[in-house]
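S.K.: There's a structure below that I have some questions on.
The values are calculated or read from the model by the stated rules, or taken from the named source; none is laboratory data. Source: prediction; values computed, not measured. We place every Cβ from the backbone using ideal geometry, glycine too, and count neighbours over all the protein chains shown. Surface accessibility is based on the protein's heavy atoms, side chains included, excluding ligands, DNA and RNA. Shrake-Rupley method; radii C 1.70, N 1.55, O 1.52, S 1.80 Å.
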Amino acid sequence: AALKQAAGLTESDYPAAAWAILEAAAEAAKNLPADAGQAAVDAAAADLLEALDGLYLAAAAEAVPAALENLSVSGGTTEEDLLAAARQAAGEKVSVEVVSFQKTDATADAAGRIDCTLSLACGGQRTEVEVELSIPGLAEPVIPGDLDKDGDVDIMDVMMACRILARNNAGALPT
């Protein structure tokens with residue numbers, strides 16, 4: 001069964017190092033002598049299954065960070081959002097759990113960030129993936145009517161608006 005599963009995979013879909021391990025395990029299983037004992041057959045099958053798990057895990061370890069880096073994040077992004085995206089990228093054979101999640105919200109002065117460590121597991125194998133995502137900085141708040149951009153709407157803004165309207169009515173370009 002494991003040989004059929006391995007034969008149905010496409011090399012270009014997986015990392016080269018993990019694919020080489022799978023190929024070696026598959027060759028070893030195929031080249032067992034006809035008179036090999038049950039222990040040798042069981043060992044070859046276990047090696048092949050372990051190589052398949054390693055293949056799926058290696059592919060997920062590449063796919064998950066790439067998927068999360070392409071995720072549009074904001075101050076509203078949650079741990080559950082990242083976990084859902086990571087699980088989708090990892091595929092059904094790999095389990096994904098959050099080890100740590102820390103979010104620093106963006107401000108008008110600085111971008112925020114999300115630091116997340118995920119645990120990926122397949123069969124008896126496990127690896128961790130760390131992802132750092134940037135949350136875009138907040139735009140300066142726009143206050144309607146604040147023409148001089150001092151944070152208040154006051155008489156100075158009213159005077160500026162009157163000048164603009166007067167110039168516009170006179171045919172001059174407003175400044």
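S.K.: Only one of these is within 38 Å of the chain's Cα centre (by Cα), among the acidic types (Asp, Glu) and over 30 Å from Val64 (Cβ atoms): Asp152, Asp109, Asp115, Asp146. Name it.
M.R.: Numbers: Asp152 fails: within 38 Å of the chain's Cα centre (by Cα); Asp115 fails: over 30 Å from Val64 (Cβ atoms); Asp146 fails: within 38 Å of the chain's Cα centre (by Cα).
Of the residues listed, the single one that is within 38 Å of the chain's Cα centre (by Cα), among the acidic types (Asp, Glu) and over 30 Å from Val64 (Cβ atoms) is Asp109.
S.K.: A further question on this structure: Provide a single number: the residues in the stretch 15-53 that are assigned to a helix (DSSP H, G or I) and either open to solvent by less than 20 Å² (accessible area, probe 1.4 Å) or farther than 14 Å from Gly124 by Cβ (or both). Please lay out each step first, then the result.
M.R.: Initial filter on the stretch 15-53 (assigned to a helix (DSSP H, G or I)): 16-30, 38-53.
Still in the running and either open to solvent by less than 20 Å² (accessible area, probe 1.4 Å) or farther than 14 Å from Gly124 by Cβ (or both): 16-30, 38-45, 48, 51-52.
The number of residues fulfilling the criteria is 26.
S.K.: Select from the stretch 125-149 the residues that are acidic (Asp, Glu) and open to solvent by 80 Å² or more (accessible area, probe 1.4 Å) and list them in ascending order. Steps first, please.
M.R.: Taking the stretch 125-149 first, the residues acidic (Asp, Glu) are 128, 130, 132, 140, 146, 148.
If the condition is that a residue be acidic (Asp, Glu) and open to solvent by 80 Å² or more (accessible area, probe 1.4 Å), then Glu128, Glu130, Glu132, Glu140 are the ones that fit.
S.K.: Filter the stretch 97-124 for residues that are loosely packed, with under 14 Cβ neighbours inside 10 Å and touching a Pro at 6+ places or on another chain (Cβ under 8 Å) and give the result.
M.R.: Within the stretch 97-124, Ala108, Ala111 qualify.
S.K.: Same structure again: Looking for something among the charged types (D, E, K, R) and either surrounded by 14 or more Cβ atoms within 10 Å (Cβ to Cβ) or touching a residue at least 24 places away in the same chain (Cβ under 8 Å) (or both) - is there at least one such residue anywhere in the stretch 66-75? Reasoning before the result, please.
M.R.: Kept after step one, since they are among the charged types (D, E, K, R), are these residues of the stretch 66-75: 69.
Pick out the ones that are also either surrounded by 14 or more Cβ atoms within 10 Å (Cβ to Cβ) or touching a residue at least 24 places away in the same chain (Cβ under 8 Å) (or both) and you get 69.
For the stretch 66-75, residues among the charged types (D, E, K, R) and either surrounded by 14 or more Cβ atoms within 10 Å (Cβ to Cβ) or touching a residue at least 24 places away in the same chain (Cβ under 8 Å) (or both): present.
S.K.: Can I ask one more? Just the residues that are among the acidic types (Asp, Glu) and outside any strand (DSSP E or B), please, taken from the stretch 121-175. It would help to see each step written out before you state the result.
M.R.: Let us first name the residues in the stretch 121-175 that are among the acidic types (Asp, Glu), namely 128, 130, 132, 140, 146, 148, 150, 152, 154, 157.
Listed by number, the residues that qualify are Glu140, Asp146, Asp148, Asp150, Asp152, Asp154, Asp157.
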